[in-house]
Structure formats: C-alpha cells, structure tokens
1. Provide Ser169, Ser162 in ascending order of the number of other Cβ atoms located within 10 Å of each residue's Cβ, fewest first.
2. Tell me the net charge near Leu19. Cut-off is 13 Å between Cβ atoms, Leu19 excluded, with +1 for each Lys or Arg and -1 for each Asp or Glu.
3. Which order, highest average first, do 74-82, 210-218, 170-178 follow once you tally other Cβ atoms within 10 Å for each residue and take the mean per peptide?
4. Given R₀ = 25 Å, FRET efficiency for Ala213-Glu32 by Cβ-Cβ distance, to 0.05?
5. Which Cα, out of Leu139, Ser18, Leu98, lies furthest along the positive dipole direction of the chain (beta carbon charges, K/R +1, D/E -1)?
6. Please name whichever of Cys203, Ser113, Ile172 sits farthest to the positive end of the charge dipole of the chain, dipole taken about the Cα centre and charges placed at Cβ: Lys and Arg +1, Asp and Glu -1.
7. For Asn64 and Ala116, compute 0.36 nm times the residue count separating them, minus their Cα-Cα distance, and round to one decimal in nm.
8. If you put +1 on each Lys and Arg Cβ and -1 on each Asp and Glu Cβ, how big is the dipole of the chain around its Cα centre, in Debye rounded to 20?
Amino acid sequence: MSNRIIVESKNDKIFIQSLVSYLNIHDIEILEINLSDNDYMTLGGLSLSSLKGELGDIKAASENNNISKVGIILDADNSQQEKFDLINNAIKSIFPQLQQVKLERINSFINISFVASDQKLFSLQLACYFVNINGTGELETLLKSIKSQPSPYADCLDAWRSCVEKLSSESISQKDFDKFWVSNYLRFDTCIGDENDQAGKKCSMSGFDYVMANKLHIWDFEHPALDELKVFLKMFD
C-alpha cells in the first residue's frame, strides 16, 4: 500500500517533504498541483479544474498502484470553509456516485469507494489539512511563526509597515507582509558567508529547496504551530 498527499505548490512540497522526513514517516508521495495555462485561478491561485485533475490521476493510479490513503494540504488563506467547498466539489466531480460524502473537518478521513472500468471495486481514504495560524494564512505565515533564529532585519519591517501605511494611507495585507517578512529573514537574517554571493539561489523563497536541504536549523520543527499538521501527516504513517 502507498499513500499520496497533494499540495498547492513546489515550495509547499519542499516544506512538507522536510517535515515528513523529520517525523521519519515513510511511504508517502508528495504531489504538487500542476496548474495549466488555461486554468481559471481562484482562491489564491488554486483552481477547481487543477484539483480535479490531481484527484482524477489518483483515481486512475489507485486501480493499479494499491493507493490506500490520500491527503490534500491547501493554504487556509482567508476562509477554511471555501477550501472545504473547493475540495468537496472536486470530489463530487471525480466520484459522482458519492454525492452525500464530503469532508467537514480537517485531520479526519472519509471513505471513498468506486467501481473501476473493469468492474472491480476499489476504496481509499481521503483527508485534508489547511496550513494556517489561528485559522488563516499560508506557508509564509507558518514559516514566520516557526523561525528559530534572531530576526532583527525581518522584525524591523513592522516599523516600515507602519510608516508606509501612515504616509500613503494604504494598508499592506497580512499576506503580503508575511511574504516580505520571510524573504527578509532568509536574505538578511540567515544568509551567511559565501551564500551572500548567490543569495538568489541560497537565501530566498526561489531557492527554498536549498534552504530546506541545508539550513533546517533556521526553523523550529518542534514549534506548537506545527502540532496539528504533524497529527495530519502521522495519519499516513
């Protein structure tokens, strides 16, 4: 038996794989959602058609690969209910016989059974989790919360934000601020030595694969903000 977890982006995949390794969990394949050029983007960049495509691929693969459990990890953004609705609409589309089966809470499996083209009966379990801090947010929101190193450069952005909003009378969204905070934390608070010569590759979110492969110490993987996510991942062990 194997298990699959669908995530929104490459950086989500890198982070979840690092956490899975930290927890010493095996037999999980992490899949990032592939967005096509024609996707209608909603909910922060995720489309219903893209999620349906991933679930359709898993349905087809489960007929041959003995998939036991499927997880979906999305950013909570501003509304977890919108994300529940998105996932449940995708489930109804790919498994139309399950109109009454739906996800209603995180970290809880629902059972999905379906008849394949060869008339064999297959079943799998599906659960979801939404990356969040206090109910909202995304990956950068979580990263900001679990930073482990002194962060004077990033923390001074609070004063910058206040100044900008005072002088321009325009507000900076928490989402944009968290992204900027993490970027400064990577670039100025934790970029050391020769890394500064290749900061774009080694001290940025565009180089997140390098960060997570070589600098895990800049995050606190024992932070309570990760507790619910760890519970979710251990469901697939």
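1. Ser169, Ser162
2. Once all neighbours under 13 Å are counted, the net charge is -3.
3. Packing proxy ranking, top to bottom: 74-82, 210-218, 170-178.
4. So the FRET efficiency works out to roughly 0.90.
5. Sorting the options by dipole projection puts first Leu98.
6. Of the candidates, Ser113 comes out farthest on the positive side.
7. Length gained, Asn64 through Ala116: 17.7 nm.
8. In debye, rounded to 20, the chain gives about 420.
We did not get these values from a lab; they are worked out from the coordinates using the rules stated. Predicted model only: the values in this text are computed from it and were never measured. Don't worry about glycine lacking a Cβ; one is built from the backbone with ideal geometry, like all the others, and counts go over all protein chains shown.
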